[in-house]
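Asks: First the structure, then my questions, so here it is.
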Number of protein chains: 2
Amino acid sequence: MQLRWYSYAMRIPEQSQPSLAISDDVACSIERSLMVLGERWSPLILRELHYGARRFADIRDRLGIASNLLSKRLKALVDAGVVMTAPYRDEGSRVRLEYRLTEPGVQALIVLGALQQWGDRYLPRQAGPSVVRTRRGTDEELQVGFVTEGGALVSLDEVQMRPTLA
Amino acid sequence: MQLRWYSYAMRIPEQSQPSLAISDDVACSIERSLMVLGERWSPLILRELHYGARRFADIRDRLGIASNLLSKRLKALVDAGVVMTAPYRDEGSRVRLEYRLTEPGVQALIVLGALQQWGDRYLPRQAGPSVVRTRRGTDEELQVGFVTEGGALVSLDEVQMRPTLA
């Protein structure tokens, strides 16, 4: 994981560093993450990209979001290094950009899954959950939780959050 | 899990139902959860309660938050059913309220952990993470991830988010 993160960080050339620079004064990673992932629409845009949407018009139509707002949010996500752009061209059209998740964007699935699971349980809608999380190709439902290095689920009363001196 | 949720829901008398009623029109559980957990300061207040803080003055001093803002946020969390109050009285003082996590508040630890982990990896501070998550009584670091019903970690490319018709 650390290695993967390093390789990601090293792939970003200096000039494309996040414009959404988050000051080191914001010590809490929860708050830092919410500054990128918590903005209204951003988690929904990431969700659509996770589903496989790549084109501006598709994301816009699926979310029913105004174009100018979607542009703004996508730009912030690109600046933050969560989404990247790639050119594509349809037959007879000009070159456009499509949007893809970077490794941090893929990893944000854990945050989205945790939020979904909590909302499904504690703020349920009458109609039931709008999304289920399953193991690919099966109906086996997955949950989000704390796991040991060995990959085994740990109950919440075994989880200790320990402040460091940092 | 389902059973625990039911017993929680049944404990809430009708008149103390969340004033922060979230319309069923907000279909996405991610968005529903962020309406409760994503508000500025709320995750930090929940974090302090997870650490064991219970009294208003302790939470205020630990976060450096203004009293009126903390009151407002605590009220919203109580209204949402994430935090509950209990009376206490110090020798020679009037009765005051202390704050405790409800079962949904305890379960929000998974969301907080997922946000922390993501921020630690992708928005790191020079000084390093301000919190580590370990298995109680050990130095074994825990991660947040997707697990099967059997309790085993699943890699992200095996995770499928599937929209329902709801």
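The values are calculated or read from the model by the stated rules, or taken from the named source; none is laboratory data. Because the structure is predicted, anything quoted here is derived from the model rather than measured. Cβ: placed from backbone, ideal geometry, glycine included. Neighbour counts: every protein chain shown. Side chains included, ligands, DNA and RNA excluded: accessible areas come from the protein's heavy atoms. Shrake-Rupley method; radii C 1.70, N 1.55, O 1.52, S 1.80 Å.
Asks: Before we move on, is A:ALA53 within 28 Å of B:ALA114 (Cα to Cα) and not in a helix (DSSP H, G or I)?
Replies: Judged against the criteria, A:ALA53 is a match.
Asks: Filtering the stretch B:25-50 down to residues that are touching a residue at least 24 places away in the same chain (Cβ under 8 Å) and assigned to a loop (DSSP other than H, G, I, E, B), which residue is nearest to A:ASP120 (Cα to Cα)?
Replies: Out of the qualifying residues, it is B:ALA27.
Asks: Could you pull out every one of the strands (runs of 3 or more DSSP E) wholly within the stretch A:81-166 that has 1 or more residues that are aromatic (Phe, Trp, Tyr)?
Replies: A:83-89, A:95-101, A:143-147
Asks: Quick one: in the stretch B:113-143, which of the residues that are open to solvent by less than 20 Å² (accessible area, probe 1.4 Å) and of a type in the set (A, V, I, L, M, F, W, C) is farthest from A:VAL78 (Cα to Cα)?
Replies: The qualifying residue farthest from A:VAL78 (Cα to Cα) is B:LEU142.
Asks: OK, next. Looking at the stretch B:88-104, can you tell me whether even one residue there is facing chain A (nearest Cβ under 7 Å) and either in contact with a strand residue (DSSP E or B) (Cβ under 9 Å, 6 or more places away or on another chain) or crowded, with 17+ Cβ neighbours inside 10 Å (or both)?
Replies: Yes, the stretch B:88-104 has at least one match.
Asks: Tell me which residues, restricted to the stretch A:61-80, are farther than 19 Å from B:ALA27 by Cα and not in a helix (DSSP H, G or I).
Replies: A:ALA80
Asks: What number of residues in the stretch B:27-86 are within 14 Å of chain A (Cβ to nearest Cβ), open to solvent by 30 Å² or more (accessible area, probe 1.4 Å) and of a type in the set (Ser, Thr, Tyr)?
Replies: Selection size over the stretch B:27-86: 1.
Asks: So A:PHE146 clears everything in (1) without any contact (Cβ under 8 Å) to a residue 12 or more places away in the chain; (2) crowded, with 16+ Cβ neighbours inside 10 Å except one condition, right? Which one?
Replies: Looking at each condition in turn, A:PHE146 falls short on (1).
Asks: For the stretch B:121-140, which residues satisfy the criterion of being within 7 Å of another protein chain (Cβ to nearest Cβ) and among the charged types (D, E, K, R)?
Replies: Scanning the stretch B:121-140 gives B:ARG121, B:ARG125, B:ARG133, B:ARG135, B:ARG136, B:GLU140.
Asks: Can you name the condition, by its number, that B:GLU158 falls short on among (1) exposed (fewer than 13 other Cβ atoms within 10 Å of the Cβ); (2) closer than 27 Å to B:ALA27 by Cα; (3) of a type in the set (Asp, Glu)?
Replies: The failed condition is (1).
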